[in-house]
Amino acid sequence: AEYMGSELDVLVDSMNSSKFIRRIVIEEGHYMTINYSDQIIKDLIRFCVIGDSILQVDTTFDLCEGMWLTDTCYTNYSLIDMEGKHPQFPGPSMWHFKKNREVYRSFAAQLVALEPQLVNIKHLGHDLDLAEVHGMCDVFVNCTNNWCTRHMENRDAIKLRSLGASDMNLKCILTDIYGCRNDTVIELGLMDSSNEEEFDMKLEILKSEWENKVPGFAGWFDRHRKPLMKESGVMSVRKCLDTEGKPRRF
């Protein structure tokens, strides 16, 4: 009870310090804040319901012990930046203390409660966190799932740099994991494994190479990446989840 009380204190204090934090949700077993502006909600209708922008969902892990930030973004097709591209705008977010299907379902349900049209969001982008995928799709029942590896790659790159990886070894290891795709070359990676058995076989070969290049990374990967990738990243599972066969980098 004392722990739950401290969680509520954190959320209440956050509402007093930020106009963007608009709602505290108290449900059995979990608390969260829903963070948004009125303009963000209007933009989601314009670009993700009427238009075809992907609502990208990402949960930041290890932000602080026992607390997560899940944020979203979308493409604003009415603007063009200096590079000739449509910019990404921040969408609604939530602070939460648990990371399960019920929390993500509640997040999506709160958005629909704010604006019922949002139930018709067309596309979700995610990094194949199963709790996130299933929870959001419990509410956005007609959306298509789009798998994005950008966030995982960025986190892996940060970890590799923290372990002293050179630029060459960093690029090599990320290619080992996620493959490489450009206009002329398609190089398959560990996450293109067709099943768990193929994944395990490839990983055992790569781990010794990684340990020689960047000591410590193979063990970290075993603890923090292998379970998620085997559970939801191999090709056979991605097909069952109705995600695109190849990874997307938004």
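The values are calculated or read from the model by the stated rules, or taken from the named source; none is laboratory data. Computed from a predicted model, the values in this text were never measured in an experiment. Methodologically, a virtual Cβ is constructed for each residue, glycine included, from the backbone with ideal geometry; neighbour enumeration extends over all protein chains shown. Only protein heavy atoms, including side chains, enter the accessible area calculation; ligands, DNA and RNA are left aside. Shrake-Rupley method; radii C 1.70, N 1.55, O 1.52, S 1.80 Å.
Taken over the range 136-187, the residue count meeting the criterion of being under 21 Å from Lys122 (Cα atoms), open to solvent by 20 Å² or more (accessible area, probe 1.4 Å), of a type in the set (A, V, I, L, M, F, W, C) and in contact (Cβ under 8 Å) with a residue 24 or more places away in the chain is 1. Within the range 110-129, the residues that satisfy the criterion of being more than 15 Å from Thr144 (Cα to Cα) and open to solvent by 40 Å² or more (accessible area, probe 1.4 Å) are Ala113, Leu114, Glu115, Pro116, Gln117. Under the condition of being part of a strand (DSSP E or B) and under 24 Å from Ile21 (Cβ atoms), the residues counted in the range 39-55 number 1. On the basis of being open to solvent by 60 Å² or more (accessible area, probe 1.4 Å) and either hydroxyl-bearing (Ser, Thr, Tyr) or closer than 21 Å to Val133 by Cβ (or both), does Ser208 make the cut? Yes, satisfied. Screening Ala109 on (1) over 19 Å from Arg46 (Cβ atoms); (2) at pLDDT below 95 shows it passes everything except condition (2).
For the range 70-79, the set of residues classified as open to solvent by 60 Å² or more (accessible area, probe 1.4 Å) and touching a Pro at 6+ places or on another chain (Cβ under 8 Å) consists of Leu79 only. The set of residues in the range 95-105 being surrounded by fewer than 20 Cβ atoms within 10 Å (Cβ to Cβ) and more than 11 Å from Cys137 (Cα to Cα) consists of Phe97, Lys98, Lys99, Asn100, Glu102. Of all the numbered requirements in (1) β-branched (Val, Ile, Thr); (2) out of contact with any strand residue (DSSP E or B) (no Cβ under 7 Å at 6 or more places or on another chain); (3) part of a strand (DSSP E or B), Thr59 misses one, and that requirement is (2).
When the range 97-145 is filtered for residues that are among the acidic types (Asp, Glu), under 23 Å from Arg23 (Cα atoms) and in a loop (DSSP other than H, G, I, E, B), the ones remaining, listed by number, are Glu115, Asp138.
Checking each residue in the range 211-232 for being surrounded by 14 or more Cβ atoms within 10 Å (Cβ to Cβ) and of a type outside the set (Lys, Arg) picks out Val214, Gly216, Phe217, Ala218, Trp220, Phe221, His224, Leu228, Met229, Ser232.
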